[in-house]
Amino acid sequence: MPNILNINKLARLKWHYIHKRFRTPFYTYLLWEGVSRHYNHNLRFPYEMGAVLYLDQELMFGDNVWRQTQALTLSKLGKESKFIKNSFRDAYKLNDKTEKFARELNQKKFNIYTNVQLADNLEKYCQLCFSMGAFIIFPLFIEEYLENFVSTEINKRCKDKAPEVIHNLGASLKSSSTEDDELSLLKIALKRRQGLAIEVEIKRHLQNYGWLKNSAMNNSYYSEKEIYQRLDSLRNADVAAKIRNIINERRRKIAQVKKYQIDFGFSRKLINHIETLQEAIYFRSWRTERFYRNIQYLSSFLQEVSKRLGLKSWEEIFYLLPTEIIDCLRQELKVDLGVIKSRKQGYIMWADGRHTQIYSGNIVAQAKNKIKFLDIQKQKQNEIKGQTACRGVVVAKVHVIKSKTEFKKFKNKEILVVPSTTPDYVPIMKKAAAIITDEGGLTCHAAIMSRELSIPCIIGTKIGTKVLHSGDLVEVDAGKGVIKILKKA
């Protein structure tokens with residue numbers, strides 16, 4: 001049983017709010033246990049943050065802990081200019097090790113494994129994931145500092161061209177998983193048009209990108225049927241031209257950055273900070289994607305564990321904590337199915353640096369009623385402010401989407417208003433006239449994709465989904481980071 005949650009104590013804390021996003025307990029634990037405690041002994045830096053709260057989809061950190069760890073990170077970056085880039089490099093290597101372990105484990109013959117052996121292997125996998133926690137928050141700590149530094153330097157050097165240069169530099173030079181998925185699908189569509197067999201390519205595509213739908217780690221993957229539906233939507237498209245455009249745009253971005261460096265005489269420090277920012281933009285999506293991508297490679301293993309635990313379906317395993325699964329396997333305990341049912345209705349996870357514990361039931365509503373982390377009253381009733389991700393001005397009606405089940409209701413050229421986005425949001429993002437998110441940061445998924453798609457976007461409003469309502473007519477001035485409510489629905 002977890003310790004009693006002191007709601008009154010948490011209610012008195014000041015919070016640094018991150019975003020609203022549904023994740024299963026298994027996924028939430030893998031992420032934040034590794035952030036709240038120091039598991040990565042190869043990194044001699046105090047990255048651990050002992051105040052992480054997941055309150056029924058709302059994620060936040062204790063503000064004092066956040067500020068202290070951010071200050072340490074920026075101080076370290078000031079003394080060692082390649083600290084962040086080296087950390088990202090170490091994260092990529094660690095992921096290679098984690099992925100290799102998962103793939104190899106999934107090929108084992110589990111019928112000869114004892115429950116204890118299954119528990120031991122799950123524990124090894126979790127330890128690798130916890131070590132990755134060392135790198136999870138770095139992009140969030142550095143993005144504002146790097147963006148301000150780069151913007152200030154570019155404005156000094158580039159004068160009238162500064163807005164264009166800043167916009168082009170504020171994107172990763174590496175392709176995103178979503179872009180790679182699209183390119184792969186277009187190549188399959190081209191083969192199909194040529195009358196060639198595509199069955200093998202579709203299976204490979206699902207292996208490489210089917211996990212993009214699993215952002216909550218709830219065992220949701222793209223199906224073969226969905227891939228064929230996407231291929232059917234390309235029947236009248238100039239597929240070859242689309243492929244050329246994606247490849248040429250990648251090359252153009254790289255060439256443009258090099259040209260800016262030469263034309264405006266960027267200093268070594270500025271180049272290093274630009275490279276770090278661009279890598280952080282890529283890394284922010286990559287880091288969490290690895291968690292729900294790698295879990296795909298453990299599907300056979302987790303199905304066997306679920307069967308041993310007597311679960312009705314193996315999807316239910318994601319509503320248990322890894323520690324609970326390990327204890328049940330080692331001690332031959334039965335899973336309380338009522339706990340799974342309760343957690344599906346909502347849950348709290350609190351990591352204080354010593355323990356990471358989960359709570360569900362009536363306490364969730366009590367905590368949501370007492371713990372306040374946003375102040376909507378301070379903003380004007382007809383105006384919301386955020387951060388520019390992609391410039392542009394749009395006047396249109398908004399459509400607030402709070403769940404993936406509402407995707408089908410979204411219409412072309414509406415303004416998409418969401419708490420945050422993940423790769424499976426891309427199809428409706430492409431239909432949007434503009435994008436508004438609660439979540440902020442130049443390295444967040446919405447910011448990255450809006451620049452790739454050239455769609456006006458304002459991020460970091462914190463309250464967009466709470467103030468705006470579907471049908472409201474608004475003006476989005478993404479250049480200024482301002483949303484004006486022109487007419488209420």
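Numbers at a glance
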read-out	value
Residue in the range 82-99 that is touching a Cys at 6+ places or on another chain (Cβ under 9 Å), surrounded by 15 or more Cβ atoms within 10 Å (Cβ to Cβ) and more than 20 Å from Phe283 (Cβ to Cβ) present	no
Residue that is in contact with a His (Cβ under 6 Å, 6 or more places away or on another chain) and either in contact (Cβ under 8 Å) with a residue 24 or more places away in the chain or not assigned by TED's automatic domain parsing to the domain that holds Cys129 (or both), where the choices are Phe22, Phe45, Phe61, Phe26	Phe61
Identity of the residue in the range 351-373, in a loop (DSSP other than H, G, I, E, B) and more than 21 Å from the chain's Cα centre (by Cα), that ends up modelled with the lowest pLDDT	Lys372
Complete set of residues in the range 310-344 that are buried (at least 18 other Cβ atoms within 10 Å of the Cβ) and more than 27 Å from Gln57 (Cα to Cα)	Leu329
Qualifying residue in the range 122-136 (condition: loosely packed, with under 15 Cβ neighbours inside 10 Å, at pLDDT 95 or above and among the charged types (D, E, K, R))	yes
Residue count, the range 139-161 (criterion: closer than 16 Å to Ser267 by Cα and of a type in the set (A, V, I, L, M))	3
One residue from Lys462, Lys409, Lys397 being at pLDDT below 95, at negative phi and of a type outside the set (Asp, Glu)	Lys409
Residue in the range 47-57 that is surrounded by 13 or more Cβ atoms within 10 Å (Cβ to Cβ), over 16 Å from Gln127 (Cα atoms) and among the acidic types (Asp, Glu) present	yes
Residue satisfying all of: in the range 262-296; small (Gly, Ala, Ser) and surrounded by 20 or more Cβ atoms within 10 Å (Cβ to Cβ); nearest to Arg21 (Cα to Cα) among these	Ser285
Filter result for the condition that a residue is of a type in the set (Lys, Arg), modelled with pLDDT under 95 and over 19 Å from the mean Cα position of the chain (by Cα), over Arg44, Arg67, Arg37	Arg44
Conditions (1) over 30 Å from Gly346 (Cβ atoms); (2) modelled with pLDDT under 95; number of the one not met by Ile18	(1)
Sole residue being surrounded by fewer than 17 Cβ atoms within 10 Å (Cβ to Cβ), in contact (Cβ under 8 Å) with a residue 12 or more places away in the chain, part of a helix (DSSP H, G or I) and assigned by TED's automatic domain parsing to the domain that holds Glu275, chosen from Leu190, Leu231, Leu185	Leu190
Hey, Lys334 over 28 Å from Thr465 (Cα atoms) and assigned by TED's automatic domain parsing to the domain that holds Met60 or not	yes
Every residue from the range 428-453 that is over 15 Å from Tyr282 (Cα atoms) and modelled with pLDDT of 90 or more	Ile428, Met429, Lys430, Lys431, Ala432, Ala433, Ala434, Ile435, Ile436, Thr437, Asp438
Residues that are hydroxyl-bearing (Ser, Thr, Tyr) and over 20 Å from Ile348 (Cα atoms), drawn from the range 32-54	Tyr39, Tyr47
Qualifying position, being crowded, with 20+ Cβ neighbours inside 10 Å and either of a type in the set (Phe, Trp, Tyr) or within 18 Å of Leu169 (Cα to Cα) (or both), among Pro456, Pro419	Pro456
Only one of Gln68, Gln127 that is part of a helix (DSSP H, G or I), out of contact with any His (no Cβ under 6 Å at 6 or more places or on another chain), free of Cβ contacts under 8 Å to residues at least 60 places away in the same chain and not assigned by TED's automatic domain parsing to the domain that holds Gly386	Gln68
Scope the range 308-322; condition within 17 Å of Ser220 (Cα to Cα) and assigned to a helix (DSSP H, G or I); matching residues	Trp314, Glu315, Glu316, Ile317, Phe318, Tyr319
Identity of the residue in the range 422-453, polar (S, T, N, Q) and under 14 Å from the mean Cα position of the chain (by Cα), that ends up nearest to Ser175 (Cα to Cα)	Thr443
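Rundown of residues vs (1) assigned to a helix (DSSP H, G or I); (2) within 26 Å of the chain's Cα centre (by Cα); (3) under 30 Å from Ile274 (Cβ atoms), yes/no style:
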residue	(1), (2), (3)
Gly210	yes, yes, no
Asn218	no, yes, no
Arg235	no, no, no
Lys253	yes, yes, yes
Gln256	yes, no, yes
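The values are calculated or read from the model by the stated rules, or taken from the named source; none is laboratory data. Source: prediction; values computed, not measured. Neighbour counts are summed over all protein chains in view; Cβ atoms, including those assigned to glycine, are modelled from backbone coordinates with ideal geometry.
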